[in-house]
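So the structure is just underneath, and the comments pick up after that.
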């Protein structure tokens, strides 16, 4: 045998090592799918923000105000809270705004049939799912 032509053992390709190097680590699999951390945090944060803002507005303005102006104040508050959620979780603003609008549409039906609470729960769930599919902005501290 001529050992001079063969590469040293440290340079030989191992089939198993090459296959393992090509497979990404398990922790990066969230990049292609649902990020459950963002899903949960967006649901909790949106619930908290909507609850606090609704309570503050109800105390400051009374329930009669919402009877007449709730149709505009409710969606405006929902949008404001979703923008705050996007900011805190470092999500893309326009994409998050679109998700908030789409998630809020089914709640219109719930409000129309007198089940406002159900519309809120449904909207928050849909919004959280939307956010869970989003990727945080590059360099985001809260995105992971």
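Please determine whether any residue of the range 102-124 is under 29 Å from residue 33 (Cβ atoms) and part of a loop (DSSP other than H, G, I, E, B). Checking the range 102-124: not a single residue is under 29 Å from residue 33 (Cβ atoms) and part of a loop (DSSP other than H, G, I, E, B).
Answer yes if at least one residue in the range 59-72 is over 30 Å from residue 33 (Cβ atoms), surrounded by 15 or more Cβ atoms within 10 Å (Cβ to Cβ) and without any contact (Cβ under 8 Å) to a residue 12 or more places away in the chain, and no otherwise. For the range 59-72, residues over 30 Å from residue 33 (Cβ atoms), surrounded by 15 or more Cβ atoms within 10 Å (Cβ to Cβ) and without any contact (Cβ under 8 Å) to a residue 12 or more places away in the chain: present. Among the residues of the range 126-144, which ones are surrounded by 15 or more Cβ atoms within 10 Å (Cβ to Cβ) and part of a helix (DSSP H, G or I)? Answer for the range 126-144, where residues must be surrounded by 15 or more Cβ atoms within 10 Å (Cβ to Cβ) and part of a helix (DSSP H, G or I): 126, 127, 128, 129, 130, 131, 132.
Of the set (1) within 16 Å of residue 129 (Cβ to Cβ); (2) more than 25 Å from the chain's Cα centre (by Cα), all apply to residue 86 but (2). Looking only at residues in the range 92-106 that are within 19 Å of residue 41 (Cβ to Cβ) and touching a helix residue (DSSP H, G or I) at 6+ places or on another chain (Cβ under 6 Å), the one that is surrounded by the fewest Cβ atoms within 10 Å (Cβ to Cβ) is 93. On inspection, residue 119 qualifies as at pLDDT below 95, within 21 Å of residue 42 (Cβ to Cβ), surrounded by 14 or more Cβ atoms within 10 Å (Cβ to Cβ) and in contact with a helix residue (DSSP H, G or I) (Cβ under 9 Å, 6 or more places away or on another chain).
The values are calculated or read from the model by the stated rules, or taken from the named source; none is laboratory data. Keep in mind the model is a prediction, meaning the values are calculated, not measured. As a convention, Cβ positions derive from the backbone with ideal geometry for all residues, glycine included, and neighbour counts pool all protein chains shown.
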